[in-house]
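Below: the structure, in C-alpha cells.
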C-alpha cells in the first residue's frame with residue numbers, strides 16, 4: 001500500500017432494518033488528518049477501493065472540538081470521538097463501526113434517544129428558577145463536593161460509557177451509567193440536592209439499580 005494514502009474499512013448499513021456490510025476506501029494522506037476530516041474527504045469523492053462510485057458515508061458530527069460527543073463511533077474497536085482521533089496514530093486499515101448499544105440509523109449514525117430519555121427520567125439538571133442571585137446570594141458548592149462531581153460535569157453524553165457497560169444493551173431496561181453519573185453530580189450540588197429524593201426515586205424505579 002502506498003504510504004501516502006490512508007485506508008478505511010467502514011461498516012455500513014443502508015437503514016435501520018437493512019443488513020450491514022463492509023466497504024473499504026482509500027484517500028490521499030494529509031498531515032493532521034482526523035477521522036472526521038477523512039470521512040469528509042471520502043464524502044467529496046465516494047469511490048471505494050474497487051473503483052465503484054457509491055453512496056457517501058453517513059455519520060454525525062457537530063462541534064469538532066471533542067465537546068458535543070456527536071461523532072462518537074468505534075474506531076479500531078474502541079469507542080472514541082472521531083473529531084479528535086488523528087489517523088497517524090492508528091494502524092491501517094482504520095476500521096470504523098457504529099456504536100453497538102444504540103440502534104443504527106444509517107452507516108455510522110446511531111439513535112441515542114434511549115440515553116436522552118433516561119437523562120430526562122432522572123432529571124439530570126439543576127433547576128434555577130430565578131429565585132437565586134447566582135453571583136452573590138445563591139448557595140455555593142464546596143470544594144469537596146466540586147472535586148466529587150468534576151468528572152461527571154465533563155460528561156458530553158457521547159455514549160462511550162454506555163457502549164462499554166456490559167449491563168446496558170438493547171435487550172436490557174437498565175438506564176446505563178451516564179444517567180447515574182448525572183444523578184451523582186446533581187445531588188452534590190447545593191441546589192440540586194433539594195430534589196435528591198426525586199432523583200433517587202427515579203433510579204430506584206424501572207431500569208434503575210434495583
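How do 191, 149, 100 rank when sorted from fewest to most other Cβ atoms within 10 Å of their own Cβ?
100, 191, 149
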Please give the FRET efficiency for residue 49 paired with residue 197, using the beta carbon to beta carbon distance and R0 = 45 Å, rounded to the nearest 0.05. 0.20
Cut-off 12 Å (backbone N to label point 7 Å along Cα→Cβ of residue 18), residues of segment 89-108: 105-108
Convex hull volume of the Cα atoms in the chain, per residue, in Å³? 155 Å³
Work the Kirkwood hydrodynamic radius out for segment 84-131: mean of 1/r over every pair of different alpha-carbon atoms, inverted, in Å. 14.2 Å
Share of alpha-carbon pairs per 10 Å distance bin for segment 37-93, given as whole %: 21, 47, 29, 2
Relative contact order for segment 11-112: what percent, with Cα pairs under 8 Å and sequence separation of 6 or more? 31 percent
Anyone know which of 165, 83, 63 comes out most mobile in the 10 Å Cα GNM of the chain? 63
Starting from 0.36 nm per residue, how many nanometres of slack lie between residue 204 and residue 29 once their C-alpha separation is accounted for? 57.9 nm
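To two decimal places, what compactness ratio does segment 113-204 give when its Cα radius of gyration is scaled by 2.2 N^0.38 Å?
1.16
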Footprinting exposure proxy for 72, 157 (fewest neighbouring C-beta atoms within 10 Å first): 157, 72
Full-extension gain in nm, residue 88 to residue 62, via 0.36 nm per residue minus C-alpha separation: 7.1 nm
Expected 222 nm ellipticity per residue - DSSP helices of 4 or more, -39500 (n - 2.57), all of the chain, to 500: -7500 deg cm²/dmol
With Cα atoms, 0 to 90° folded angle of helix 177-187 axis to the chain main axis: 30 degrees
Who wins for biggest fluctuation among 56, 16, 139 in a Gaussian network model of the chain, springs between alpha carbons below 10 Å? 139
May I ask you to derive the FRET efficiency for residue 151 and residue 116 from their Cβ-Cβ distance with R0 = 25 Å, giving the value to the nearest 0.05? 0.75
Quote to one decimal, in nm, the extra length available between residue 127 and residue 100 on full extension: 0.36 nm per residue of separation minus the C-alpha distance between them. 6.4 nm
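A short reminder: the numbers here are calculations on the coordinates, not readings from a lab. Because the structure is predicted, anything quoted here is derived from the model rather than measured. As a convention, Cβ positions derive from the backbone with ideal geometry for all residues, glycine included, and neighbour counts pool all protein chains shown.
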